[in-house]
Every structure is written in C-alpha cells, then in structure tokens.
1. Would you mind stating whether PHE90 is part of a strand (DSSP E or B), surrounded by 14 or more Cβ atoms within 10 Å (Cβ to Cβ), at pLDDT 95 or above and of a type outside the set (A, V, I, L, M)?
2. Residue by residue through segment 60-76, note down the ones that are outside any helix (DSSP H, G or I), among the small types (Gly, Ala, Ser) and farther than 9 Å from ILE101 by Cβ.
3. Could you identify the single residue in GLY136, GLY158, GLY106, GLY114 that is on the phi > 0 side of the Ramachandran plot, surrounded by 13 or more Cβ atoms within 10 Å (Cβ to Cβ) and in a loop (DSSP other than H, G, I, E, B)?
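The values are calculated or read from the model by the stated rules, or taken from the named source; none is laboratory data. Treat the numbers as computed from the prediction; the structure is a model and nothing was measured. Note that each Cβ is placed from the backbone with ideal geometry, even for glycine, and that neighbours are counted across all protein chains shown.
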Amino acid sequence: MKPRLRTILLLALTSCARPPAPVCPVTPATPVARAARASPAPKSPGGVGLEYVGGTAIQAKDPKALSAWYNDRFGLPMKGEMPGGAYGGFEWNGTSFNIAIVAAGGKHPGAAPGTAYLVFHVADYDAFVAARATQGLTPVSTSNDGMGRFASFHDLEGNEVAVWGH
C-alpha cells in the first residue's frame, strides 16, 4: 500500500478512535476477558446503525498452516477450527476484532490468497519487531511518517501484515 494512501486511511480510522485503554498484552497464553459492550453507534435516519466489525476473512491455500503462523509467530490468537478454516481474534477497548482464515475457492468470501492487507497497532513497536526477529521474522519494509512507525511483513501466503506504533 502506498504511504500516502496508508496515511489517509489511518487518519480516517484514528479520527474515530476512542482514547487508548491501558496496555494489556494479548498472547495465545493470555485469556481474554470479555470487555464491556461499547456504546452503540448513532442511529441512521432509518433507525439502524453499525455496532462493530463482525469479522474479516482471508482465503488461504492452507488455512491450518496460515492460522498457526498468525497464532504462533505473529501473536494473533486463533481460537479454533470451523468447517473450511479457522477463526480467532481479540477484544480491545470494548471492541471485538474477529478474523477467519478460510480455504481458497471455498464457499466463504474473503480476500484472495496474497491480496489481504492488515495493520495492527502495537503499544511497543521496538519490542514487537524485536520479538518477531527472535522467531526469524524480519520486516520486508519499514517507514516512519507523521502517524508513527510501520513495519510490514509477509505471511506464508504473501499477504501483507503490518504493525504500527511509536
């Protein structure tokens, strides 16, 4: 993703963000307590509003291997298997983030293998990048702009997954 487009996307996202919650590292070994529900979004004129992102999906040639990579090497808790793939996610600041990794060409929609772009915010950028380096993961690119520092990695299927921090 081009740096200018990423900056515009992040500006749009951060303008809607709530104040940061206390730092609470989430690892596969850390149980995640269900946070209090966030206040509902304002109702649209029709009386129906959005509450949160229910999930995102990535298609994979090998969903089991890709979900293990995200869980074991990138720190995204994958919680279980489902027909045709795996699911996981976490809660932060009263909002759920859910992800499914599904079989490419199956019935479940999702970004085609190698086309997804995910960005996760990290509380300690240097510590996160250093921890990945101990697992043999090095960023394919890094940048620093007015929004913060970014490190991009490629997962097993070629998707770009980045971390953003200060």
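1. No: the conditions fail for PHE90.
2. Correct list: GLY75 only.
3. Just one listed residue meets the conditions, GLY114.
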